[in-house]
1. Counting only DSSP beta bridges with both residues in segment 109-309, what percent are antiparallel, rounded to the nearest 5?
2. Which entries of Lys84/Lys342; Lys374/Lys398; Lys329/Lys377; Lys106/Lys134; Lys398/Lys427; Lys103/Lys329 have Cα-Cα distances beyond 31 Å here?
3. Run the simple label-point estimate for Glu245 and Asn346 please: 7 Å along Cα→C-beta, distance reported in nm.
4. Of Ser299, Thr109, Met194, which is farthest on the positive side of the dipole of segment 109-309, counting Cα position, with +1 on Lys and Arg Cβ, -1 on Asp and Glu Cβ, and the Cα centre as origin?
5. With labels modelled as points extended 7 Å from the Cα through the Cβ direction, what inter-label distance (nm, one decimal) is found for Gln161 paired with Glu395?
6. Considering segment 109-309, what Rg and Dmax in Å follow from its alpha-carbon atoms?
7. May I ask for the net charge around Ile405, where only other residues with Cβ less than 10 Å from the Cβ of Ile405 are counted and Lys, Arg are +1 while Asp, Glu are -1?
8. Tell me, in nm to one decimal, what length is gained between Gln18 and Glu328 on full extension, where the rule is 0.36 nm per residue of separation less the Cα-Cα distance?
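What follows is calculated from the coordinates using simple rules that are stated; it is not laboratory data. None of the values given here were measured: they were computed from a predicted structure. With ideal geometry, Cβ positions are generated from the backbone for all residues, glycine too; neighbour counts draw on all protein chains shown.
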Amino acid sequence: MICYNEVTMLDNLGSRFQDIFKKVRGHGKLSESNIKDALKEVKMSLLEADVNYKVVKDFIESIREKAIGTEVLKGINPGQQFIKLVNDELVQLLGGTNARLTKAPKNPTILMLSGLQGAGKTTFAGKLAKFLKKQNEKVLLVAADVYRPAAIKQLQVLGQQVDVSVYAEEGHQDVLGICERALEKAKEEHATYMIIDTAGRLHIDEALMEELRNIKRLTRPQEILLVVDSMIGQDAVNLAKSFNESLSIDGVVLTKLDGDTRGGAALSIKSVVGKPIKFIGVGEKLDDIELFHPDRLVSRILGMGDVVSLVEKAQSAIEEEDAKSLEEKIRTQKFDLNDFLKQLQNIKKLGSLGSILKLIPGMGQIGDLAPAEKEMKKVEAIIQSMTKQERKKPEILKASRKQRIAKGSGTDVADINRLLKQFDQMKTMMKMFAGGKMPNFPNLNGMMSGKGGKFPF
């Protein structure tokens, strides 16, 4: 997940665009005079993000044509209308709609991964395998990188972690033979997908391209996906052009989009190369893979959140039975510290607090969440140091028990008292919700900013 303390492409562009939009507000209509400076700043923001110059030029001209003289619609201000124009144009720049994988008419569907060494092909192969397995697909991973030390072992470890078969021939360098025999294995095992992890190089050379072309001719993949490290910025676009000219790729995967990247690759590739971005990698964990949705990414960039992605993450991380059980316990007032601990652990499955808040409209600029993250870990340690009975009936926690728990969790008795107080407050709120009443919430921004190291329980 995108970490809260990282300066990401989304943060940089998002804050710049927010400043620009503020300057447009207050006018009766979008005119040439009040839009000129805004467009200049948009242009500089995109160029600083390492977006291709021609892409930026065309983008700005398109907005200029649509913005100048546009009457402001009733009920919205010029700033909002300008945001809408920028939003729509950015979505189109990124491809308009989500581009999904092509399914073969009969199994297995063959996906061939290509790219330079270090781009994250092997890791992405594991992530994609897990992604497809969640959709009840049977996947076979193929270790066709026979040159990089430990590449086969890495893929085998990933296969074990996601419980997916890996076809490998250690000590052999007959790449075409390996792919041919892997295809037979996929058919024998009735695999629905076969993912080929090919070799990379430190740079593009003819030997690499010839090997990839031979694999393509032999396996006839439904999709050739180019895996690109987004950290390399504009070079990612040039790389995509070269691979496309040699292989005719079907789509691009951008890895490391959670890093300190300017984001030019994401905003340039579709326009320059003519191939869609299909997946993005947003972290090191095997679940840190997302289908690329242009509209959702743009929504995050413009500070409008991404509720749909948040709901999808919650649905994939939290079991339906757990959700129903929680609902019943809240309704019947049987919610205890065991349940509280489970909910904390469910929140952790979604990623960091920062990554979650970025998906909630209006919460993306919330500030340093390190104290809140630290408090969550402290609370988890406290509850885990309790007995089952203490978690179920916290009212039995007297001084001696609190001292034992504090020692076991590396905290103070004051921390335990604060947790119990906040837990009681939360139960009161739940009771009000269950009774159909709306409780008065304290200032949310103040609580979530982590001021004073407190977390809103």
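1. If I count the DSSP bridges inside segment 109-309, around 10 percent turn out antiparallel.
2. Check vs 31 Å cut-off fails for Lys84/Lys342; Lys103/Lys329.
3. Placing both labels 7 Å beyond Cα along the Cβ direction yields 5.3 nm.
4. Toward the positive end, the furthest listed residue is Ser299.
5. My value for the distance between the label points is 4.6 nm.
6. Cα only, segment 109-309: 16.3, 52 Å (Rg, Dmax).
7. +2
8. 107.4 nm
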